[in-house]
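Heads up, the thing below is written out as structure tokens.
The values are calculated or read from the model by the stated rules, or taken from the named source; none is laboratory data. All values reported here derive from a predicted model rather than from experimental measurement. Note that we place each Cβ from the backbone using ideal geometry, even for glycine, and neighbour counts take in every protein chain shown. Keep in mind that these areas ignore ligands, DNA and RNA; they rest on the heavy atoms of the full protein, side chains included. Shrake-Rupley method; radii C 1.70, N 1.55, O 1.52, S 1.80 Å.
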Amino acid sequence: CMNYMFPASYAWGNFSVLAVGIWAIVQRDSLDAIMMFLTGLLLTVLTDIIHISVFYPPNNYLTDERRFSAGMAIFSLLLKPVSCYLVYRMYRERGGE
């Protein structure tokens, strides 16, 4: 998000899921909050793959800042399945089916 390599929808999508995640952590008794967070995480996995594949710059336009920004986006994408698993465990602990 720092280098403006990706469009604003990348940042808005990830930050809105982060806000829902904070809401899900604060309200410990709400199944809807944790389910919305899990759904948002799964949706951002798909949109992150699309953003990275469409907006990755060609090799001759790849500066160090853009390489770092793309690397952090890929690292975030790789950590999201782990986050989904942990959020699913929280969902099960709260009484989800």
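A few comments on the model shown:
- The condition (being within 22 Å of residue 9 (Cα to Cα) and basic (Lys, Arg)) is satisfied by just one residue among 92, 67, 28: 67.
- Every pair of residues 6+ apart whose Cβ atoms lie under 6 Å, when the first sits in the stretch 86-97 and is more than 10 Å from residue 31 (Cα to Cα) while the second is assigned to a helix (DSSP H, G or I) and aromatic (Phe, Trp, Tyr): 87/37
- Extreme residue, nearest to residue 82 (Cα to Cα), among residues of the stretch 37-62 that are in contact with a Gly (Cβ under 7 Å, 6 or more places away or on another chain) and among the β-branched types (Val, Ile, Thr): 44
- Per the conditions (1) under 30 Å from residue 29 (Cα atoms); (2) hydrophobic (A, V, I, L, M, F, W, C); (3) under 10 Å from the mean Cα position of the chain (by Cα), the sole criterion not satisfied by residue 73 is (1).
- Residue pairs meeting the criteria (Cβ under 9 Å; at least 6 apart or on separate chains; first farther than 19 Å from residue 85 by Cα, in the stretch 12-36; second open to solvent by 100 Å² or more (accessible area, probe 1.4 Å) and modelled with pLDDT of 95 or more): 13/43
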